[in-house]
Amino acid sequence: MQSAPLEDLKIRTGFRTIQLVQTPYSQQDVEERLERGITPGDQWHFNLNGKPFYSLGTNIIPFDPFYARTTSEQVRWIIQSAVLSGQNMLRIWGGGTYQPSEESVVGGVYDFYSICDELGILAWSELLIFSDSLYPINDFLLESIDPEVRQNVRRINMHPSNAQWAGGNENEGIVITVNHTLANGTHYLDEYVTLFQDFLQKIVTEETRSVVYTDCSMTKGALSLDPYILRFNNGTPSSIYERYNYDASQAFNYSTFPVTRFVNEFGYHSMPSFYSWEEVLTSPEDFSFNSTVVMSRDHHPSAGNLGFPNTNAPVGQAQMTHAVELWLPTPNTPDGNQTFAQWCYSTQIFQAMTMVSQIAFYRRGAGLGENNLGSIVWKLNDIWQGVSWSSIEYSGRWKVLQYALTGIYSPVVAYPFWTTENETLKITAFSDRREEVQGMATISVYDWSGTLYHRVEKPYTIPPLNNSVLFEAPGLGKIFPDLRDPCDIWTLIMTESVVDGNRTVTSEQYFVPTSLTAALLVDPEIQITYGQDLTFILSAKGGVAAWTWMDHPSGTVGVFVDNVTGQPFNGFYLVPGQDRTLKFVLQTSLSKVKNPDPRDFVVRLLWNNTRI
């Protein structure tokens, strides 16, 4: 008589080979890539099933201050949003919490890695004991962290989405600084080597043979991989960097961007939407850009103490204020709530503008000497309603940046690189495909009334993981021969390519030779036609509407998509005579309002920064 099994265990998994390539470029590599002037040194990129790919992604932080409040539906929407915007990698920040495999695993309140497996997005994991600090090493500490590290590496190892383990967040840069600035700095360096080079690396490699270990999220690489010996400041560096620059006057100065193999943290902060503020602000006087309650929810720069509210918050608020005043019309209307809402919207526009310019710079680097193959933005999600670097708000509402990522993370993009010092414009198309890509770019020059001055079509061929220059000229007079006033001209750059055999992909980028503060904007006279199933036809009857933005009402979660391509689309330039149709795809399970009234949807425009 056959007995029934005592236990059943069902596991969903998959097979793949993921490699983090850190070996030096060979002399043959350098010689074969002379046309792009490959920079000698170590490589730093991922290979999937033996093929290099460009890592496009964002950073993940904890989803809620209270772990048990997080649901699988919320997490699925955040990860799905990443996939919808063209991302292929999420970095789980080393200052947060270990993410669970799924609800059914002990301690797993919600699904995470199982969703990444299902949706096909890679996860860069970190050992979350260690972040932004140095640790005193003793036997008790090592004995206590050993089981924690082993259990989590073993648990997560079954997930094909897991791409690597990093020992911690930003620790290496700290110990390098300490080693050179403190009298006993070598003591801290020795302890770092004991923990991150020897102890943690040994545990990870004992528990998994399919996922690589690196000591830190930001590293100068290794002198040797076997045995594992960190480089620190010895020898020719590998290059994985992060970048934060809060001087808005330098936001589009490419000489300030790192020339690097991989960038895994870079960001700029913005306000959440008016709707998110409505969830936490209670008094009418709170709805002001620099109100006490708003500034209490700005933790940048950090206070450095336990005081409340953050005494450094005015610095962060001033950075956003300066950015908007420098690059956009300054919000100021007779209606206090509208002014506040336009400030929120404007800070998000600048955040999108500066992040897109950096991503374009790094993606172009795939075809230059640095052979950059990684752009991981800080950050995707939010832990509460407040000022932050996120591209998605705490409720799941997409910011302008999240839609902008959909455009700049498209497989093929043509982007205008403008150098102010010599007034040189270079429009470059880049591709993240492993095969040669052909397509057509349409470059159209308009004034702000919507008059078309010039249009040219440029066919292009882009080698695998490379770029192709479509246009280059110095001086506004040569770029725009019929130019009357640089404040009354802008350029629309659209591309269409066929990738992966039969998939058509498009992108849309914009070039304005002056700040939008100085642009001679015209009242766009927007008209909305309401269609079926939350479909909206937007028309500009008066002039070009820069950064046209549709806001969905409070209590709803979802995404606007272009009715033609089906891709997420919002925050665009609307041209007279070129109507755009958007459809709002409601996420019913996350929305408190299940049947929103189409007339509760709002269109925001830069024009309304100073006009009701």
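Odds and ends about this structure:
- Residue check, Gly386 of a type in the set (Gly, Ala, Ser), at pLDDT 95 or above and in contact with a strand residue (DSSP E or B) (Cβ under 7 Å, 6 or more places away or on another chain): no
- Which listed residue, of Ile493, Ile537, Ile528, is modelled with pLDDT of 95 or more, in a strand (DSSP E or B), surrounded by fewer than 17 Cβ atoms within 10 Å (Cβ to Cβ) and out of contact with any Gly (no Cβ under 8 Å at 6 or more places or on another chain): Ile528
- With respect to the conditions (1) in contact with a helix residue (DSSP H, G or I) (Cβ under 7 Å, 6 or more places away or on another chain); (2) outside any helix (DSSP H, G or I); (3) buried (at least 24 other Cβ atoms within 10 Å of the Cβ), Tyr394 falls short on a single one, namely (3).
- Taken over the stretch 273-302, the criterion of being touching a helix residue (DSSP H, G or I) at 6+ places or on another chain (Cβ under 7 Å) and in a loop (DSSP other than H, G, I, E, B) is satisfied by Ser273, Leu281, Phe287, Ser288, Phe289, Asn290, Ser291, Asp298, His300, Pro301.
- Whichever residue in the stretch 564-612 is in a loop (DSSP other than H, G, I, E, B), in contact with a helix residue (DSSP H, G or I) (Cβ under 8 Å, 6 or more places away or on another chain) and not polar (S, T, N, Q) and, among such residues, is nearest to Ser85 (Cα to Cα): Phe569
- Restricting the stretch 147-168 to residues that are at pLDDT below 95 and not in a helix (DSSP H, G or I), the residue that is surrounded by the fewest Cβ atoms within 10 Å (Cβ to Cβ): Met158
- Number of residues in the stretch 425-466 that are outside any strand (DSSP E or B) and closer than 30 Å to Gly542 by Cα: the value is 5.
- Taking the criterion of being of a type outside the set (Gly, Ala, Ser), farther than 18 Å from Ser346 by Cα and more than 23 Å from the chain's Cα centre (by Cα), the residues of the stretch 557-581 that qualify are Asn563, Val564, Val575, Pro576, Gln578, Asp579, Arg580, Thr581.
- Test result for Pro576, over 20 Å from Ser410 (Cα atoms) and not charged (D, E, K, R): yes
- Residue within the stretch 547-558 that is at positive phi, part of a strand (DSSP E or B) and among the hydrophobic types (A, V, I, L, M, F, W, C) present: yes
- Against the test of being surrounded by fewer than 22 Cβ atoms within 10 Å (Cβ to Cβ), closer than 30 Å to Asp190 by Cα and small (Gly, Ala, Ser), the options Ser144, Ser104, Ser125, Ser72 yield a single qualifying residue, Ser144.
- Restricting the stretch 141-153 to residues that are more than 16 Å from Thr97 (Cα to Cα) and in contact (Cβ under 8 Å) with a residue 24 or more places away in the chain, the residue that is nearest to the chain's Cα centre (by Cα) is Asp146.
- A single member of Trp384, Trp378 is among the aromatic types (Phe, Trp, Tyr), touching a residue at least 12 places away in the same chain (Cβ under 8 Å), surrounded by 21 or more Cβ atoms within 10 Å (Cβ to Cβ) and within 27 Å of Tyr345 (Cα to Cα), and it is Trp378.
- Flag for Gly367 being within 30 Å of Tyr25 (Cβ to Cβ), over 20 Å from the mean Cα position of the chain (by Cα) and among the small types (Gly, Ala, Ser): yes
- Of the residues contained in the stretch 229-240, one or more are found to be out of contact with any helix residue (DSSP H, G or I) (no Cβ under 6 Å at 6 or more places or on another chain) and within 28 Å of Ile392 (Cβ to Cβ).
- Single residue of the stretch 411-424 satisfying the filter (assigned to a strand (DSSP E or B) and over 21 Å from the mean Cα position of the chain (by Cα)) that is surrounded by the most Cβ atoms within 10 Å (Cβ to Cβ): Trp418
- Any hit, the stretch 212-224, residues being more than 23 Å from Glu242 (Cβ to Cβ), touching a residue at least 40 places away in the same chain (Cβ under 8 Å) and surrounded by fewer than 20 Cβ atoms within 10 Å (Cβ to Cβ): no
- Criterion: part of a strand (DSSP E or B), closer than 28 Å to Leu582 by Cα and not polar (S, T, N, Q) - qualifying residue of Val469, Val505, Val522: Val505
- Checking Ala222, Ala303, Ala248, Ala313 one by one, the residue that is touching a Leu at 6+ places or on another chain (Cβ under 8 Å) and under 25 Å from Trp93 (Cα atoms) is Ala222 and no other.
The values are calculated or read from the model by the stated rules, or taken from the named source; none is laboratory data. For clarity, every value in this text was computed on a predicted model and none was experimentally measured. Quick reminder, even Gly has a Cβ in these numbers, built from the backbone with ideal geometry, and neighbours come from all protein chains shown.
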